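Student: Before I ask anything, here is the structure I am working with.
The values are calculated or read from the model by the stated rules, or taken from the named source; none is laboratory data. Since we're looking at a predicted model, the values are computed, not measured. Note that each Cβ is placed from the backbone with ideal geometry, even for glycine, and that neighbours are counted across all protein chains shown. In case anyone asks, the SASA skips ligands and DNA or RNA and just uses the protein heavy atoms, side chains included. Shrake-Rupley method; radii C 1.70, N 1.55, O 1.52, S 1.80 Å.
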Amino acid sequence: MKRIPVFVTAVVLAAVATMIGLGIWQLQRAEWKNQLLTTYETARDKPAISYPAVPVEGDPPYFRRSSVNCLEVLDWRSVSGRNVKGVSGWAHIAHCKTSGGEGPGAQIVAGWSRSAENPEWSGGIVDGVIAPDRLHIVRLVASEPVAGLEKSQPPATDDIPNNHMAYAVQWFLFAGIALIIYILALRLRNRTDSEA
């Protein structure tokens, strides 16, 4: 029987163990994400809360009902979005001043339109649902549109990526494939050595 290369085998086994560890970690992340999404689903039925003046990234109150008094629209941004009928277009997000100070204010999805042009709206009280915002952690999606816009598609937990299980399967497959390739390489090496 031929000798197994110790160093190379150790490296391959360490790589396989790392991939299995990453797969297990993704399984744990999948369980955490499922619990988080369940929490978000139940948040819809809870009473309205005050809009967070300074949102905490680790525990944002997504999918809770809230309201914001937009004292002044400081700026607009338009992002791709859908209306309640699922038609693609532009969601118009107002950056609102909410106090006399220099606080972060609030991001309000005022509504939807086919045009990316900023709507005419100077502010007011808006009721809605708190949703994720990639730039400001949270934003309020208006329950009723303002400024002549159409109603935006309300936030949904289906829009939150939950692909940890797929990543786990990937890592386990990588580990298995790496092990199979190494075993085949050892067999080929041994066969070549025995024929020489």
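Student: Could you give me D for the range 95-196, from Stokes-Einstein at 4 °C and 1.567 mPa s, where the hydrodynamic radius is the Kirkwood radius over C-alpha pairs? Units µm² s⁻¹, please.
Tutor: My calculation gives 70 µm²/s for D.
Student: Before anything else, pin down the relative contact order of the chain: Cα pairs under 8 Å, at least 6 apart, normalised by residue count, whole percent.
Tutor: 24 percent
Student: May I pose another question? Sort out the exposed loop GluC sites (Glu not before Pro) in the chain (DSSP loop, at most 12 other Cβ within 10 Å) and tell me the longest stretch that has none.
Tutor: 121-196
Student: Determine the per residue accessible area of the chain with all protein chains present and a 1.4 angstrom probe, expressed in square angstrom.
Tutor: That works out to 63 Å² for each residue.
Student: Moving on. Can you give the Rg and Dmax of the range 113-152 based on its C-alpha atoms, in angstrom?
Tutor: Computed over the Cα atoms of the range 113-152, radius of gyration and Dmax are 11.0, 27 Å.
Student: Sticking with this structure for a sec: Compare D75, D159, D45 in a GNM of the chain, Cα atoms joined below 10 Å, and give the one with the largest fluctuation.
Tutor: D159
Student: Please report the projected area of the chain's Cα convex hull averaged over all directions, in nm².
Tutor: For the chain, the mean projected area of the Cα convex hull comes to 16.7 nm².
Student: Once you put a point 7 Å from the Cα of E117 and another 7 Å from the Cα of I24, both along the Cβ direction, what distance in nm separates them?
Tutor: Between E117 and I24, the label points sit 6.0 nm apart.
Student: Moving on. Tilt of helix 164-195 relative to the longest C-alpha principal axis of the chain, in degrees (0 to 90, nearest 10)?
Tutor: The angle comes out near 20 degrees.
Student: Placing +1 at every Lys and Arg Cβ and -1 at every Asp and Glu Cβ, with all other atoms neutral, what dipole size does the chain have around its Cα centre, in debye to the nearest 20?
Tutor: So the magnitude is around 940 debye.
Student: Considering only lysines 8 or more places apart in sequence, or on different chains, count the pairs in the chain whose C-alpha atoms sit under 27 Å apart.
Tutor: Eligible lysine pairs with Cα atoms under 27 Å apart amount to 6.
Student: Would you work out which of T9, N34, A175 lies farthest towards the positive end of the dipole of the chain? Charges go on Cβ: Lys and Arg +1, Asp and Glu -1.
Tutor: Result: T9, furthest along the dipole toward the positive end.
Student: In addition: Run through the range 123-196 and list the trypsin sites (Lys or Arg not before Pro) located in a DSSP loop whose Cβ has at most 14 other Cβ atoms within 10 Å.
Tutor: Counting only loop positions with at most 14 other Cβ atoms within 10 Å, the trypsin sites (Lys or Arg not before Pro) in the range 123-196 are R134.
Student: Oh, and also: Over the chain, with every protein chain in place, what whole percent of the accessible area is carbon and sulfur at 1.4 Å, could you tell me?
Tutor: 58 percent
Student: Relative contact order for the range 91-142: what percent, with Cα pairs under 8 Å and sequence separation of 6 or more?
Tutor: 34 percent
Student: With an 8 Å Cα cut-off and a minimum separation of 6 or more residues, compute the relative contact order for the range 106-196 in percent.
Tutor: The value is 26 percent.
Student: Another question, if that's okay. When the helix-only estimate is applied to the chain (DSSP H runs of n ≥ 4, each -39,500 (n - 2.57), divided by the residue count), what is the mean residue ellipticity at 222 nm, nearest 500 deg cm²/dmol?
Tutor: -13000 deg cm²/dmol
Student: Right, here's the next one. Going by amide H atoms built from the backbone, whose H comes under 5 Å of the H on R44, apart from near neighbours?
Tutor: Here nothing satisfies the definition.
Student: Take the Cα atoms of the range 26-136, find their three principal axes, and give me the spread along each one in whole Å, biggest first.
Tutor: Its Cα atoms span 46, 36, 25 Å along the three principal axes.
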